[in-house]
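Have a look at the structure below, then the notes.
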Amino acid sequence: MSEMYKVAVIGDTASVSGFAALGLSVFRETEPDKIKKLISRLAASDFAVIYITEPAAAMVKDTINKYRSSRLPSIVLIPAVEGNTGDGMRALHEAVEKAVGSDILN
Amino acid sequence: MSRVARLNVNPTRMELSKLKKKLSSARRGHKLLKDKRDELMRQFMILIKEDRQLRAEVEAALSEANRYMAVAGSVMQREVLETALMLPKQEVELEISEKNVMSVSIPVFDAKFKTDDSSDIFSYGTAFTSIDLDGAVMALSDVFPKMIRLAEIEKACQLMADEIEKTRRRVNALEHIMIPDYEETIKFITMKLSENERSTTTSLMKVKDMVLKQSHNYH
């Protein structure tokens, strides 16, 4: 099995443009409906990792949660240009809470 | 919350031995699942620790890249900036392999770049672009390996959290429902059987008495 997978970045133009230089597939999208469709489309094709900015992720939480327990893709929250909202860290705490039964970090 | 329920079975020796077998495999399963849960938990905590640290590093690096980008965006025209980044020289592909952690299959990502030359991240000439754009692209390029590892770890954490939750539920079901139910039913059948035995003994003694009385006029 040596199929190659791709990496996507979703978010507002200012936050994601730089990733284009690295050769990632950049999607400048800020509307919830379009992002939802986009994530479903990417997940169904050969995208293994999707980086999404925290503000964009906040609008499509349900869609992202849907992929939490599937093997691929891995959807990772990254801070947008406006700054870090802490949502990415919060997702980590949620995973701990699910596993342990309570949030034992801090 | 105590709900020990007796199972609906006939109080026979056959059922009793069946239940005893079930009880012993339930106990064995409980022990195994508990070990599995503990080991999963141990590995999960290691991953979470790494995840936390890595996420902090990635977020810091991305904030820095974003700062550069904001400056670049303010000194350059938006269109020029976009055009500069439009045709990347570099291309990233991921090779995925599997890792098995306590029967949880976790994807492992290996990023392959089209070109090895690190200067290939600059897809533009430097004449019309701000130096801050270079900084932003460089910062992103530096943090990218960490971002790939982060994607890997976060997925692993999510999958393991799911598996731990499932295993914990199974352990609890065995510990608090199935095992007590089996024990209760075994106790009930044992009591019922010995009661039957006693009543048989009693009636036998009675019959014996009657027979003796009839044939020999004994008291």
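Values in this text are rule-based calculations from the coordinates and carry no lab data. Just so you know, these numbers come straight off a predicted model, no measurement behind them. As a convention, Cβ positions derive from the backbone with ideal geometry for all residues, glycine included, and neighbour counts pool all protein chains shown.
So which of B:Lys18/B:Lys166; A:Lys98/B:Lys18; B:Lys22/B:Lys49; A:Lys98/B:Lys22 end up more than 29 Å apart, counting from Cα to Cα? Beyond 29 Å: A:Lys98/B:Lys18; B:Lys22/B:Lys49; A:Lys98/B:Lys22. Taken about its Cα centre, the protein assembly as shown carries a charge dipole of roughly 3160 debye when the Cβ of each Lys and Arg holds +1 and the Cβ of each Asp and Glu holds -1.
Where is the GNM fluctuation largest for chain A (alpha-carbon springs, 10 angstrom cutoff): A:Ser69, A:Ser25, A:Ser17? Its mean-square fluctuation being the largest, the pick is A:Ser69. Look at the dipole of chain B built from charges on Cβ: of B:Ala61, B:Leu23, B:Ile189, the Cα furthest out on the positive end belongs to B:Ile189.
Sorted fewest first by neighbouring Cβ atoms within 10 angstrom, B:Arg168, A:Arg90 come out as A:Arg90, B:Arg168.
Looking at this model, which pairs from A:Lys6/A:Lys61; A:Lys36/B:Lys114; B:Lys99/B:Lys146; B:Lys20/B:Lys192; A:Lys36/B:Lys155 are more than 27 angstrom apart at the alpha-carbon? Correct reply: A:Lys36/B:Lys114. As a proxy for reagent exposure, ranking B:Lys192, B:Lys36, B:Lys112 by other Cβ atoms within 10 Å from fewest up yields B:Lys112, B:Lys192, B:Lys36. Based on DSSP H assignment, which helices of chain B show an axial Cα extent of at least 30 Å together with a mean Kyte-Doolittle hydropathy greater than or equal to -1.0? Span-like helices, by this rule, are B:13-75, B:131-173, B:179-216.
Each Lys and Arg adds +1 at its Cβ and each Asp and Glu adds -1 at its Cβ; summed about the Cα centre, segment B:13-213 shows a dipole of about 2660 debye.
In the elastic network of chain B, a GNM with C-alpha springs shorter than 10 Å, the most mobile of B:Glu39, B:Glu152, B:Glu98 is B:Glu98. Cβ crowding within 10 Å ranks B:Glu175, A:Glu54 as B:Glu175, A:Glu54, fewest other Cβ atoms first. Indicate, rounded to the nearest 5 percent, the antiparallel portion of the DSSP beta bridges found entirely in the protein assembly as shown. For the protein assembly as shown, the DSSP antiparallel bridge percentage is about 50.
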